[in-house]
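Everything below concerns the one structure shown next.
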There are 2 protein chains.
Amino acid sequence: MRNRRVILDAALNVFSQHGYRGATLDQIAAEAGLSKPNILYYFQGKEQIHLTLLSQLMETWLDPLVELDADGDPKSEILDYVQRKLDMARDLPRESRLFAGEILQGAPRIGPRLHSELKPLFDQKCAVIAGWAKAGKIADINPQHLIFSIWATTQHYADFEAQVSVLVGEDPDAHDTASQHLREMFGRMLCVKD
Amino acid sequence: MRNRRVILDAALNVFSQHGYRGATLDQIAAEAGLSKPNILYYFQGKEQIHLTLLSQLMETWLDPLVELDADGDPKSEILDYVQRKLDMARDLPRESRLFAGEILQGAPRIGPRLHSELKPLFDQKCAVIAGWAKAGKIADINPQHLIFSIWATTQHYADFEAQVSVLVGEDPDAHDTASQHLREMFGRMLCVKD
DNA sequence: AAAAATTTTTACCATTTGGTAAATCCACGA
DNA sequence: TCGTGGATTTACCAAATGGTAAAAATTTTT
């Protein structure tokens with residue numbers, strides 16, 4: 001069904017902008033160009049739409065981290081991961097904000113999936129990074145907090161866009177500037193000293 | 001009036017947890033132990049309560065950056081700023097989330113104050129940092145994005161606490177670990193090479 | 001103690017919102 | 001052409017929600 005996708009796209013607009021409770025079915029319906037009951041023909045209810053979006057998002061969201069390859073060159077693997085996350089913040093800002101809003105409110109709907117999907121992947125990749133550190137291929141940093149820092153800095157550009165745009169204006173190559181900055185920062189972070 | 005503070009504290013709980021639209025006056029009233037009309041005796045409406053919170057928060061929020069001293073030692077000034085922001089995320093997580101929620105939704109209510117209060121301060125401190133960089137006292141980094149990175153990484157621990165706690169568990173000295181990590185990261189970032 | 005001012009409660013109200021029932025429309029095969 | 005099944009709309013509804021009017025209670029002032 002094509003209308004399902006239309007509805008999900010409209011819902012993504014509305015949910016990412018107003019949050020779960022702030023979004024109304026009427027808004028979503030208007031955005032989708034459909035009537036409210038027609039939307040409820042395709043989805044059981046508001047919560048199911050939201051949950052569907054979050055579920056689909058989960059895969060996309062984890063993908064860049066999945067690609068982090070234990071057998072690749074440590075430093076460029078991490079820097080490439082940073083780049084992928086930053087690109088994603090640029091290309092999928094609505095998704096980023098939807099996710100941020102959910103976590104901000106205590107992950108009431110996606111909490112279980114953080115345990116079942118995110119955590120195992122996170123632990124696995126932390127182990128990979130810890131291995132690199134132990135082998136002396138990168139600096140001896142805390143893998144968990146390194147990943148947090150990558151998430152925080154990259155998603156910041158999508159989630160806090162309203163603030164960023166006030167402070168730096170509408171720079172056409174803001175993305176490249178940010179990319180360069182993060183490359184520099186995490187590059188230095190990973191360099192083995194001495 | 002003492003009740004004003006009670007109401008604002010209750011509202012901070014509710015708004016930070018559910019967002020503006022997700023919060024109801026009934027919830028705030030229950031949390032404050034007052035009746036709904038009684039709350040509307042002290043505040044003109046829901047929006048005014050929210051706006052009052054954001055206004056008061058603005059000062060607190062900008063304070064750590066105000067303290068960044070152009071005449072101090074560059075590196076320790078910045079590292080101390082990171083520490084102050086991180087401490088604030090620990091001590092005032094509700095405020096951090098309230099602010100994050102507002103920005104996430106496009107700063108519909110605090111937007112003007114970002115221009116009038118945050119931007120001038122931001123520009124001023126960017127100039128200070130740029131001066132340090134030009135004088136060779138710290139590495140030649142982009143001040144704007146440095147500050148963004150500091151905000152993002154420190155506030156991450158408050159705003160995404162639901163995710164962090166899933167991934168690292170309930171570590172009693174998680175704060176110190178995070179502090180150490182950020183010190184390391186930004187310390188390396190600022191080191192003048194060669 | 002009486003009057004005045006402030007605070008709190010009771011009883012509402014209009015609107016919004018998520019959701020439903022049932023009628024209607026529309027393609028398409030028999 | 002008629003029927004059939006999916007898609008869409010019309011007309012609702014009950015609950016929740018932000019807010020108000022006015023009375024009652026309480027405190028303060030005279």
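Tabulated values for the structure
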quantity	calculated
The stretch B:27-38, residues that are of a type outside the set (A, V, I, L, M, F, W, C) and near DNA strand C (Cβ under 10 Å from one of its atoms)	B:Gly33, B:Ser35, B:Lys36, B:Pro37, B:Asn38
Residue among A:Glu95, A:Glu47, A:Glu77 that alone is in contact (Cβ under 8 Å) with a residue 60 or more places away in the chain, out of contact with any helix residue (DSSP H, G or I) (no Cβ under 7 Å at 6 or more places or on another chain) and charged (D, E, K, R)	A:Glu47
In the stretch A:122-142, the residues that are more than 10 Å from chain B (Cβ to nearest Cβ) and either in contact (Cβ under 8 Å) with a residue 24 or more places away in the chain or surrounded by 15 or more Cβ atoms within 10 Å (Cβ to Cβ) (or both)	A:Lys125, A:Val128, A:Ile129, A:Ala130, A:Gly131, A:Trp132, A:Ala133, A:Gly136, A:Lys137, A:Ile138
Verdict on A:Ser116 being farther than 17 Å from A:Thr153 by Cβ, at pLDDT 95 or above and among the hydroxyl-bearing types (Ser, Thr, Tyr)	yes
The lone exception for B:Ser96 - which of (1) more than 16 Å from DNA strand D (Cβ to nearest atom); (2) among the polar types (S, T, N, Q); (3) surrounded by fewer than 16 Cβ atoms within 10 Å (Cβ to Cβ) it fails	(3)
Filtered residues of the stretch B:1-18 (kept if of a type in the set (Gly, Ala, Ser) and either within 13 Å of DNA strand C (Cβ to nearest atom) or away from chain A (no Cβ under 14 Å) (or both))	B:Ala10, B:Ala11
Candidate set from the stretch B:35-50 (those that are of a type in the set (A, V, I, L, M, F, W, C) and crowded, with 18+ Cβ neighbours inside 10 Å); member that is nearest to the other protein chains (Cβ to nearest Cβ)	B:Ile49
Pair list, Cβ under 9 Å, 6 or more apart: the stretch A:99-114 residue surrounded by fewer than 17 Cβ atoms within 10 Å (Cβ to Cβ), other residue aromatic (Phe, Trp, Tyr)	A:Pro108/A:Tyr20; A:Arg109/A:Tyr20
Given (1) over 16 Å from B:Ser96 (Cβ atoms); (2) more than 11 Å from DNA strand D (Cβ to nearest atom), index of the condition B:Leu40 fails	(2)
Pairs where the first residue, in the stretch B:1-19, is on the phi > 0 side of the Ramachandran plot and touching a residue at least 12 places away in the same chain (Cβ under 8 Å) and the second is polar (S, T, N, Q) and away from DNA strand C (no atom under 12 Å from the Cβ), C-beta under 7 Å, 6+ apart	B:Gly19/A:Gln105
Scope the stretch A:149-159; condition facing another protein chain (nearest Cβ under 7 Å) and crowded, with 24+ Cβ neighbours inside 10 Å; matching residues	A:Ser149, A:Thr153, A:His156, A:Asp159
Residue ID - surrounded by the fewest Cβ atoms within 10 Å (Cβ to Cβ), chosen from residues in the stretch B:1-34 that are more than 9 Å from DNA strand D (Cβ to nearest atom) and among the charged types (D, E, K, R)	B:Arg2
Set A:Asp123, A:Asp140: member being more than 16 Å from the chain's Cα centre (by Cα), modelled with pLDDT of 95 or more and more than 30 Å from B:Pro120 (Cα to Cα)	A:Asp123
Positions within the stretch A:160-189 being closer than 16 Å to B:Phe122 by Cα, at the interface with chain B (Cβ under 7 Å from one of its Cβ atoms) and over 19 Å from the mean Cα position of the chain (by Cα), in sequence order	A:Val166, A:Leu167, A:Val168
Tally, over the stretch A:160-184, of residues that are surrounded by fewer than 22 Cβ atoms within 10 Å (Cβ to Cβ) and without any contact (Cβ under 8 Å) to a residue 60 or more places away in the chain	17
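The values are calculated or read from the model by the stated rules, or taken from the named source; none is laboratory data. Everything numeric in this text was worked out from a predicted model, so none of it was measured. No Cβ is skipped: glycine too gets one built from the backbone with ideal geometry, and neighbour counts run over all protein chains shown.
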